[in-house]
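These notes are about the structure you will find just below.
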Amino acid sequence: MNLKDIGEFGFIKRVTKDSIFNPSEIIVGIGDDCAVLPLDEKNYLLASCDMLIENVHFLKNKSTPYQIGYKSVAVNFSDIAAMGGYPTGVMISIGFPKENSLEEIEQVYQGISDICKKYNANIVGGDTVSTKDGLVINVSVFGKVKKEHLHLRSEAKIDDIVFTTGNLGDSAAGLEIVLNNDLLLEEQSKEKLLLKHYQPEPCLKEVELLNQARGLHALNDISDGLASEAREIAEASNVGIEIYEDKIPLSNEAKELALITKKNPLEWALYGGEDFQLVGTIHKDDFEKLNTTYEKVFNRSLYNIGKVTKEKGVFLIKDNQRTQLKAGGYNHFA
Ligand SMILES: Nc1ncnc2c1ncn2[C@@H]1O[C@H](COP(=O)(O)OP(=O)(O)O)[C@@H](O)[C@H]1O
Ligand SMILES: Cc1ncc(C[n+]2csc(CCOP(=O)(O)OP(=O)(O)O)c2C)c(N)n1
Ligand SMILES: [Mg+2]
Ligand SMILES: [Mg+2]
Ligand SMILES: [Mg+2]
């Protein structure tokens, strides 16, 4: 057996088989966006970490040091949002070669501190090491969630509406531009897609509003692509999910770029990843009310993209035809 056969998720399963040695100190362990730990009568503590590695998550001569710092925290705040919570603190572990300019690392830190300030989270510690080659940032994040606001991947219910908080595929479209700069796309559209890729915004404000809704069930953030996250919800909840292909929200800029590059923007939305929008499920009678409030507050809508079914599996519906949605998404060891 080698890594390529089992992939990233098979690897995690294998090495984390034995992980609970003190059940009284854990509410939810490995398998959701954050670990959930006991805190006090009204709240749980949330904890998670995500790492950004040069040449895997970013190219240093493309995104600015500020954006790398900002994104390293944004992806972690996104996991806190996906639990229904809000961040309270971060620890920043950073490694870079000794030849690195100090100014550049200070710019990375400016991005880190700006996003922490924006979302009221403290920087409470970290670690600093040298590397032989390349920049590495690992962020550990802590957050809080009111017990009644906790939303797990395993909470989808049959007949729920599946919704997403925004356009999907923009980040992958942005990556296409990063890797192939001389595309004949209008400058403004290019900038917009690049920003979505380099400096994503976690859905923390959106979650504050989602938490007020009745009937909100499962939540997940889209780091590996809609197909992968929908499958995680379906499997964890022991249900199926149908996604209506025509309802997957794509931006005009992504559609334009797809025409130019002869790529399929749906592939970006389903398998590209790094959009950091949320995908959730809500009782079918509660969606419209939530969406009306959402439109008032954010001046944009939620997207009803599918439904939860009794029959297991993940399906794509187009022109009343139902096909199995190919499993896939970003996999570090594929
Ligand atoms: N090396 C590891 N050891 C223990 N747990 C891990 C490891 N890698 C990932 N996990 C856990 O596996 C789950 C899936 O990880 P991942 O796909 O990175 O989550 P996310 O997309 O929410 O960042 C999470 O609960 C994460 O904490
Ligand atoms: C240079 C470069 N190549 C490829 C990508 C695309 N990419 C890298 S990691 C990733 C998935 C998300 O990162 P991951 O570490 O899997 O985050 P997690 O799922 O743990 O939140 C994607 C889409 C990129 N951002 N930059
Ligand atoms: Mg992760
Ligand atoms: Mg993550
Ligand atoms: Mg991933």
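Each Cα pair under 8 Å and six or more residues apart adds its separation to the average, and for the chain the resulting relative contact order is 22 percent. Measuring against 29 Å, Cα to Cα, the residue pairs K147/K307; K13/K144; K17/K263 contain K17/K263 as the ones spanning a longer distance.
How would you order 204-210, 180-186 from highest to lowest mean count of nearby Cβ atoms within 10 Å?
Top to bottom by mean Cβ count within 10 Å: 204-210, 180-186.
Given contacts defined as C-alpha pairs under 8 Å and at least six residues apart, what's the relative contact order of region 124-197, whole-number percent? It comes to 28 percent, rounded to a whole number. Overall, region 153-324 carries a charge dipole of about 420 debye about its Cα centre when +1 sits on the Cβ of Lys and Arg and -1 on the Cβ of Asp and Glu, all other atoms neutral.
Listing V279, V108 from fewest to most neighbouring C-beta atoms within 10 Å gives V108, V279. Comparing S301, S130, S78 in a Gaussian network model of the chain (Cα springs below 10 Å), the most mobile by mean-square fluctuation is S130.
The value of relative contact order for region 17-149, using C-alpha pairs under 8 Å at least six residues apart, is 35 percent.
Might you report the magnitude of the Cβ-based charge dipole of the chain about its Cα centre, with Lys and Arg at +1 and Asp and Glu at -1, to the nearest 20 debye? Show your work: numbers first, answer last.
On the way: 37 positive and 50 negative charges, 97 e Å.
Here the size comes out at about 460 debye.
Computed 3J(HN,Hα) for region 39-46, one whole-Hz value per residue from the Karplus formula 6.51 cos²θ - 1.76 cosθ + 1.60 where θ = phi - 60°, is 10, 8, 4, 9, 10, 10, 8, 10, glycine and proline marked x.
Could you list log10 I(q)/I(0) for the chain at q = 0.07, 0.10 Å⁻¹, which the Debye formula gives when each Cα is one point scatterer? Normalising to I(0) and taking log10 leaves -0.28, -0.59.
Each reported figure results from applying straightforward, stated rules to the coordinates on display, with no laboratory input. In this text, all values refer to a predicted model and were calculated from it rather than measured experimentally. Cβ sites come from the backbone with ideal geometry, for glycine too, and all protein chains shown count toward neighbours.
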